[in-house]
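This report concerns only the one structure given below.
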There are 2 protein chains.
Amino acid sequence: MRAIAVDIDGTITDSSRKLCISALRALRGAERKGIPVIIVTGNVLCFAMAASVLIGTSGDVVAENGGVIYSDGGIRVLGDIEKAETAYNHLREIHPVRKVQFSDLRLSEVAITREIPVQAIREALEGFDVEVYDTGFAVHLTDPEVNKGSSLKLVAESMGIEMSDVMAIGDSENDIEFLERAGFSVAVANADPELREMADYVTAREYGDGVREAIHKFAGVDI
Amino acid sequence: MRAIAVDIDGTITDSSRKLCISALRALRGAERKGIPVIIVTGNVLCFAMAASVLIGTSGDVVAENGGVIYSDGGIRVLGDIEKAETAYNHLREIHPVRKVQFSDLRLSEVAITREIPVQAIREALEGFDVEVYDTGFAVHLTDPEVNKGSSLKLVAESMGIEMSDVMAIGDSENDIEFLERAGFSVAVANADPELREMADYVTAREYGDGVREAIHKFAGVDI
């Protein structure tokens, strides 16, 4: 294994989005061992970069479910936000949806609060050129041309790392694509059933403790 | 004591900006004891909010050295960025200065990399209506009308807390104003000499370990 790609919310954080100390220690242990950690999140780039700095990860960063990356010292917007805005404008005529906090920082997608069932949103947006993800923290309308997997591949390759050498760890349905593409995939115990179903390994423990378990077991990091 | 106001870089992080686990535990301990933690930073609001979420602080947030606050569920820009931009445009004619990463997210001030000695910057900007801070991480050009102290006061009062009931902890010259205004002020051991000089208490330990020491000693938080 040459890199660890990891989701933030619900994976290295608890359900209230607090960073788990177990995961923090494990990720730093991996970095000390020369295994770079790549943050892969649905959150905005600024949040992702803050997490990267505070944790101390050296890998590049995938934000907005792949719609924005920080790679080779620069920001690239890969998702077309017009697709999401078009869908959102239709949706708000049908349901009382609202965008999450700091939505003006989103460059490639629209994220809305989880007050309306995701199934109702999917039905309302049938025929629209968007992907709809429910992460458990927000509902994301994204450009179907990009996802966490396609953007992680770009980022890893620019770091000189093959996807077959990446261990990916996640918890949610928007993590499926990047877990699928990685050489080895891990779902934490609290993950969505379909993620647990497709992952190479499901941890015994939840949230950050699951991340520590996987990094200890498969990257040989003593914590 | 009814609240703890704390700087981020060099106070709850180490010199490479990694979050100290000792500080993380102490801040969470304070929150568990019902003492809200208010983040007071020179960084942009998005970074400050990310730190707040990942640490799990319940207090409001002061960013950009007081130029931007998150208070009562809304963002307020208090510093006039035109003053900083005017000074910066003059400065770049004299010195090869450049802005730090993500400068387009700054709403009230200009932050520049520390390649030029701060004394040379101060001399070049004599007569300009800006405050110049060297935080050890960047040089900030800010609106003199606002600082971490004036904005912390606004934020604390909107939380129903008097400044006399706030313990403030910092490390750098841009922390002087908020330490001065707080009921009790703490400089971590690695702080600038002038901050150590004016603080009510200087911790024996550096960085996050100093934060833990102060929170244990003065807020009675067992960690």
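Counting just the residues of region A:71-86 that are in contact (Cβ under 8 Å) with a residue 60 or more places away in the chain and either surrounded by 22 or more Cβ atoms within 10 Å (Cβ to Cβ) or of a type in the set (Ser, Thr, Tyr) (or both), which one comes out farthest from the other protein chains (Cβ to nearest Cβ)?
Filtering first and then ranking leaves A:Gly79.
Are there helices (runs of 4 or more DSSP H) fully within region A:154-223 with at least 1 residues that are touching a residue at least 60 places away in the same chain (Cβ under 8 Å) and over 18 Å from the mean Cα position of the chain (by Cα)? List them.
Working: elements: A:176-181, A:193-198, A:207-219.
Hits in region A:154-223: A:207-219.
Could you please find all residues in region A:33-63 being touching a residue at least 60 places away in the same chain (Cβ under 8 Å) and over 16 Å from the mean Cα position of the chain (by Cα)?
A:Lys33, A:Ile35, A:Pro36
Considering every residue within region B:134-152, establish whether at least one is among the charged types (D, E, K, R), within 24 Å of B:Arg2 (Cβ to Cβ) and surrounded by fewer than 18 Cβ atoms within 10 Å (Cβ to Cβ). Lay out the reasoning, then the answer.
First, the residues of region B:134-152 that are among the charged types (D, E, K, R): B:134, B:143, B:145, B:148.
Pick out the ones that are also within 24 Å of B:Arg2 (Cβ to Cβ) and you get B:148.
Restricting the remaining residues to those that are surrounded by fewer than 18 Cβ atoms within 10 Å (Cβ to Cβ) gives none.
Scanning region B:134-152, I find no residue that is among the charged types (D, E, K, R), within 24 Å of B:Arg2 (Cβ to Cβ) and surrounded by fewer than 18 Cβ atoms within 10 Å (Cβ to Cβ), so the answer is no.
I'd like to verify a number: residues in region A:87-112 that are away from chain B (no Cβ under 14 Å) and open to solvent by 30 Å² or more (accessible area, probe 1.4 Å), how many?
8
So which residues in region A:153-170 are more than 24 Å from A:Leu107 (Cβ to Cβ) and either buried (at least 24 other Cβ atoms within 10 Å of the Cβ) or in contact with a Phe, Trp or Tyr (Cβ under 8 Å, 6 or more places away or on another chain) (or both), if there are any at all?
Across region A:153-170, the qualifying residues are A:Val166, A:Met167, A:Ile169.
Restricting the search to region A:113-126, which residues are assigned to a helix (DSSP H, G or I) and surrounded by fewer than 18 Cβ atoms within 10 Å (Cβ to Cβ)?
Filtering region A:113-126 for residues assigned to a helix (DSSP H, G or I) gives A:118-124.
A:Val118, A:Gln119, A:Ala120, A:Arg122, A:Glu123 - these are the residues of region A:113-126 that are assigned to a helix (DSSP H, G or I) and surrounded by fewer than 18 Cβ atoms within 10 Å (Cβ to Cβ).
Look through region A:34-51, keep the residues that are open to solvent by 10 Å² or more (accessible area, probe 1.4 Å) and within 17 Å of A:Val166 (Cβ to Cβ), and return whichever of them is nearest to the other protein chains (Cβ to nearest Cβ).
That would be A:Pro36.
Could you tell me which residue of region A:19-33 is farthest from B:Ala51 (Cα to Cα), considering only residues that are more than 9 Å from chain B (Cβ to nearest Cβ) and open to solvent by 10 Å² or more (accessible area, probe 1.4 Å)? Please lay out each step first, then the result.
Step one: filter region A:19-33 for residues more than 9 Å from chain B (Cβ to nearest Cβ), giving A:20, A:22-23, A:26-27, A:29-33.
The next check asks that each one be open to solvent by 10 Å² or more (accessible area, probe 1.4 Å); those that pass are A:20, A:22, A:31-33.
Details: A:Cys20: 13, A:Ser22: 17, A:Glu31: 21, A:Arg32: 23, A:Lys33: 26 Å.
In this case the residue turns out to be A:Lys33.
Answer with yes or no whether A:Ser16 is of a type in the set (Ser, Thr, Tyr), more than 15 Å from the chain's Cα centre (by Cα), under 19 Å from A:Lys217 (Cβ atoms) and open to solvent by 10 Å² or more (accessible area, probe 1.4 Å). It would help to see each step written out before you state the result.
Working: of a type in the set (Ser, Thr, Tyr): yes; more than 15 Å from the chain's Cα centre (by Cα): yes; under 19 Å from A:Lys217 (Cβ atoms): no; open to solvent by 10 Å² or more (accessible area, probe 1.4 Å): yes.
Judged against the criteria, A:Ser16 is not a match.
Among the residues of region A:192-205, is any of a type in the set (Val, Ile, Thr) and open to solvent by 50 Å² or more (accessible area, probe 1.4 Å)?
Scanning region A:192-205, I find at least one residue that is of a type in the set (Val, Ile, Thr) and open to solvent by 50 Å² or more (accessible area, probe 1.4 Å), so the answer is yes.
The values are calculated or read from the model by the stated rules, or taken from the named source; none is laboratory data. What you are looking at is a predicted structure, and each value in this text was computed from that prediction instead of being measured. For neighbour counting, all protein chains shown are included, and Cβ atoms are generated from backbone atoms with ideal geometry for every residue, glycine included. The protein model used for the area step is the full one, side chains on, heavy atoms only, and it has no ligands, DNA or RNA in it. Shrake-Rupley method; radii C 1.70, N 1.55, O 1.52, S 1.80 Å.
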